[in-house]
Amino acid sequence: MPLWMRSLLRLLFQAMLAAALLAACLDNVMAVVPERIRWQVRLGLVVVALLGLGETIRRWLRRLTQQMPAAAAPDPSGACGPSRRDILTSANLVLDRYESAERYATGERPDEDPSPIYLFARLLVELTHLARVSEDVRLSGDLMAIDVTVEVSIDALRHEPDEPGRGLKLDGKIVVPILRRKDLVLETFEARDSADNKLTPLPQRLTDGLLAWTVKSLYELTYGEDLSPEDLKKIYKLTALFCRTDIVDPDVFAREYDAIVGAAGEQGGLDLLRSVRGYFAVNTVSAFEVDVAEADLMVVRYRYLATADRITTAHDRYRTRLGLRPYRYVVPISLAYQAHSYDLRITGPDSHFVYRHLLREAGTTGKRTCTPAELAPTAGMGVRLDADHGAPYAGVHTRGLNRAEQVRNVECAVEFEEIPPGALRRSLVISAVGSLVLIAFAFAVPAAVQDSRGTDLAALLLAAPGLVATLVGFSTDRVQQSSLTAFGGLVVSAVLSFTASVLYLLQTLVWPGSPTVRLSLLYLVRLPAADAIWIGLAFVSLSTTLFLALQGVHRMRRYLFTLRRRSAVGRTT
């Protein structure tokens, strides 16, 4: 529904509520209502109008609160970062570990053996060492268990050009940086090389020292190697900013960075420093030592848990209010811009299939759907989405996005559906049984009440829907995984069963004279007298049964269409 139409309907509804409240307060208007029910009608109008207007006022106040200016963000240059003394100590430890102080002070770098400090800075900026990154997301209710595998090709680094016509000459141990998000609570984190040696991350102090030398190198590329005391202060502040362990808003991080080095920068190294800046607002670095003489490959694996966003769309909010598990999940794919090859697989429950999945980009005006061609605009880049073939998993595959000029905030949205007939068939059976019971009681109740033959058997028959639900295996876990249609059908059946039980008690004990009707089929067959109220309940139940049947046929046809499309693809390949 368009936004203007929703706004118009909301305005008309609010006007009706205000008119109802005004009518309840005016004696002249209420005079048209019979006196014996006047106060009940007035009370009902007041309650309904106040509830509706109160909800409108609550939403208006919440929107007004969100538009109010937020409190000033704390200064990111404060705590959670190393002090100047700690930075100097860390830098000296790194220098003693990897480099001769005299040789580094003179600016000499051997031709055949690049410094581990120099190589660490280069890999951190260019990210050419990440050959492949894969994410395996497994869904379980609100939780997403994400297994990340990062492959680093040491052999490919030997072919990286250091100077025109010459590749890198690696020997001894090198330090490989691995970026990961700060907000992740890791369940497992391990790294191994191709020789099956277990690798452990370097201590944080050494990592901070490597970052300090990286910042210094990039700063020197811009302003030259003759650094003034003011330049050294900027380097210390930048290092403290990059080494922060807490999460900083990217906009606040960028403003603090500009306050240190200036918003207007020069070409060269400062551009590289600005590109690295974007990572450290929400990411941190784990550094690993790898012996290139023993290994040609390094593999890092870690697992973390994430939660599904359940309030993005109206459909998600309805399922949350009803206590149902989510059908829609959103997974960010930011790691695609760090490696040449990236693969994402999202696996749902066995009883569900992927109805559709798409790529979205978050911008200043909200989220919009983007196509693979938009994300890979130049040659050498590629983005591919797995086809929706009725499988319980979906996938995204990218190539060459690490060469993109701009890192875009892209995410993959996946929507699942239950494999039909599933819970919808169970809900249909329950509704059909309830309809038969209500139709039988519509013709049996008048005679039973008139002859005072109400027995406990009738109350037992009214519990038939619950008995059928138990027999067909409609458990609580199954209900939580069902669709809104199946859940709605089950709720209608339960409400009708409870209403019928109360109605039966009233008719047998208090109200024996309920209205009856005579029905006929095509003027040929005249049916016995039927209770009008029971006929109404039976009509509602039959309508629900018909709706569930139509929905079941529609969903089965749609699922079979996806299976035929999968079979057609299999024959062509």
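Please treat every number below as a calculation from the coordinates, not as lab data. Here the structure is a predicted model, which is why all the values come from computation and not from measurement. Quick reminder, even Gly has a Cβ in these numbers, built from the backbone with ideal geometry, and neighbours come from all protein chains shown.
Where does the charge balance sit around THR378 when Lys and Arg score +1, Asp and Glu -1, over other residues with C-beta under 13 Å from its C-beta? Spelling it out: positives minus negatives among the neighbours equals 0. Each label was represented as a point 7 Å from its Cα along the Cα-to-Cβ direction; for VAL540 and ALA387 these points are 4.7 nm apart. Cross-link partners of LYS182 among lysines, defined as those whose alpha carbon lies under 25 angstrom from its own and excluding same-chain residues fewer than eight positions apart: LYS198, LYS216, LYS234, LYS237, LYS367. Counted residue by residue at 0.36 nm each, then reduced by the alpha carbon distance between them, the extension gain from ALA529 to ASP296 reaches 75.1 nm. For ARG158 and TYR318, the FRET efficiency from 1/(1 + (r/R0)^6), where r spans their Cβ atoms and R0 equals 41 Å, is about 0.15. Summing charges over neighbours of ALA362, with a neighbour being any other residue whose Cβ is under 13 Å away from its Cβ, gives +1 when K and R count +1 and D and E count -1.
Quote the FRET efficiency, to the nearest 0.05, computed for ILE57 versus ARG356 with a Förster distance R0 of 35 Å and r equal to the Cβ-Cβ distance. Efficiency, rounded to the nearest 0.05: 0.40.
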